[in-house]
Structure formats: C-alpha cells, structure tokens
Amino acid sequence: MIDFAGTSLSAEDIVDCLRRNLQIRDVCQQIIYRSIIEQAAIEYQIEIAPEEIQSAADQMRYEMRLESAAQTLEWLSEQLISPQHWEQGIRDRLLLKKLQNSLFSKDVDRVFAPNRLDYEQVFIYRIQVPYRPLAQELLYQIEEGELSFYEAAHLYDVDEERRLRCGYDGRLGRWDFPPDIGSAVFGAAPNELLGPFPVGQSYDLLMVGGFLSAELNDETRGAILDRMFQEWLESEFIHFSYYQNHS
C-alpha cells in the first residue's frame, strides 16, 4: 500500500494503471533484466561495497543540492521511496556499470574502429508541428526566404523550451534517430532543410547545424559499452524466456 496525495493506493491499483497505460510489459522486463544482472554478477564475482554506495549517494545529493539529511529525506518522501530503496537503486546501477565494464570494456576499441561512422554526431535544429499541411507551408516559406528556420521554430514549435532556443535540439548521434531519418540527416549538408518527417502524431522539419567527427573519448566509449551491454541483456532475456518456457 502506498499513500499518495492523501489517497491509499494498493499494488493492484498500480499494476492496473500500468496495464491501462501499456507500461506493464516494460516493467516486467526490467524486473527480469535485474535478475539476469544479479545472476551474472554472482558468476563473475562482482560486488558493490557500502563505501561505493555512500560515495554515489553523496554525489547525487551534491548534484541535486540536497545539502542536509532533512532535505534528502524530504525529497525521498516526495519520490515515495525509503532511504533503503534509494540505496538499493544506487547499488543496482553501480552493479550494472561494473558488470558492463567487466564484460565489454576490453572490446570497445575493436568495435569502434570498423563502426566509426556510427558514432558521428550532429548539431540539429528541429521544428515539430501537429499537422502536415502546416509543416509543408513552413517548409515552403523557409525555402522561399519568407521566414527563417529560427523564426519559424520560435513561433510554431510545439515544444516550449525548443521554441525559446529557436529550434536548437542539441548534439545528437545517429542512434538518436529512426534509421530512415538518421540516413537523411547524416547524408545532408550543413544548413540543409529536411522533412517533413512523421514522428508519432506530429511532423518534424530538421536542419543540420554541423557535424562532429567520431572520437573514442569517454562519451563514445560509454555509448559503445551501453549498446553492447543492451544487446547482451536482450540476448540473455531471450535465453531466459526460452528456458522458462521449456523447463
């Protein structure tokens, strides 16, 4: 039972909400993923010391400006979790990272070399609008010089924060786009206008600001590790499901 906003919510209420919002499968999958990670950590003799959990907790408190124990407890209460659950979550994340490095850190250089182009990045500008006719009209006006991309983003983008940035969406990698859009973006020239692309119930106009060549820095190394680990986890999940269904 969880008390929230003066209302008692049962486990059945929470599970029912997850089902109604099509989230129950993802939650169940994450539970099994955690079991796979725990079992692999035992196999590879990976452990997390209390001092590591404390250090990570202190870092989180610093980043979130939780300067006292009272502030930390208040924040935890707002998140509906106990200090014990918070520490358990920290321990789970540390265990995942240790296992990830144990399994794949030695393979990063080998993977990066032939897949260098996969880790290029682009500075991207985006205008997202709810209707295709509006996207087409904005495309026409920008191409004809009646309106700049930045003006159109500031006036029409559905995302308030991106409107304030005049469409700037950040530095993104190839894997941040669907395959067809990624191919178009990374094959474009700087300042080239692309789209409109259907994305969910909206339509995107994109403009490339420039490219960053791939380098095997900490960020790229982390991205490679994350990708390799996720592929391994999905493979282990398939084996787990097969074993459960045939045992």
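Miscellaneous remarks
- The residues on offer are Gln141, Gln230, and the sole one that is polar (S, T, N, Q), farther than 30 Å from Arg110 by Cα and part of a helix (DSSP H, G or I) is Gln141.
- Residues in region 194-222 that are buried (at least 17 other Cβ atoms within 10 Å of the Cβ) and hydrophobic (A, V, I, L, M, F, W, C): Leu194, Phe197, Leu205, Leu206, Met207, Val208, Ala214.
- In this structure, Val158 does not satisfy being touching a residue at least 12 places away in the same chain (Cβ under 8 Å), more than 13 Å from Val208 (Cβ to Cβ) and out of contact with any strand residue (DSSP E or B) (no Cβ under 7 Å at 6 or more places or on another chain).
- Members of region 41-63 found to be part of a loop (DSSP other than H, G, I, E, B) and in contact with a Lys or Arg (Cβ under 7 Å, 6 or more places away or on another chain), listed by number: Ile46, Ile48
- Among the candidates Gly195, Gly209, the residue that is small (Gly, Ala, Ser), outside any helix (DSSP H, G or I) and modelled with pLDDT under 90 is uniquely Gly195.
- Residue in region 9-19 that is within 24 Å of Gln230 (Cβ to Cβ), under 21 Å from the mean Cα position of the chain (by Cα), of a type outside the set (Gly, Ala, Ser) and part of a helix (DSSP H, G or I) present: yes
- Identity of the residue in region 162-171, in a strand (DSSP E or B) and crowded, with 16+ Cβ neighbours inside 10 Å, that ends up nearest to the chain's Cα centre (by Cα): Asp169
- Of residues in region 23-38 being under 16 Å from Gln88 (Cα atoms) and of a type outside the set (A, V, I, L, M), the one surrounded by the most Cβ atoms within 10 Å (Cβ to Cβ): Tyr33
- Filtering region 34-49 to residues that are of a type in the set (Gly, Ala, Ser), out of contact with any Leu (no Cβ under 9 Å at 6 or more places or on another chain) and more than 12 Å from Phe237 (Cβ to Cβ) leaves only Ala49.
- Residue match in region 80-88 (condition: part of a loop (DSSP other than H, G, I, E, B), of a type in the set (Gly, Ala, Ser), surrounded by 12 or more Cβ atoms within 10 Å (Cβ to Cβ) and free of Cβ contacts under 8 Å to residues at least 24 places away in the same chain): yes
The values are calculated or read from the model by the stated rules, or taken from the named source; none is laboratory data. Everything numeric here is computed off the predicted structure, so don't read it as measured data. Glycine also receives a Cβ, built like all others from the backbone with ideal geometry; neighbour counts cover every protein chain displayed.
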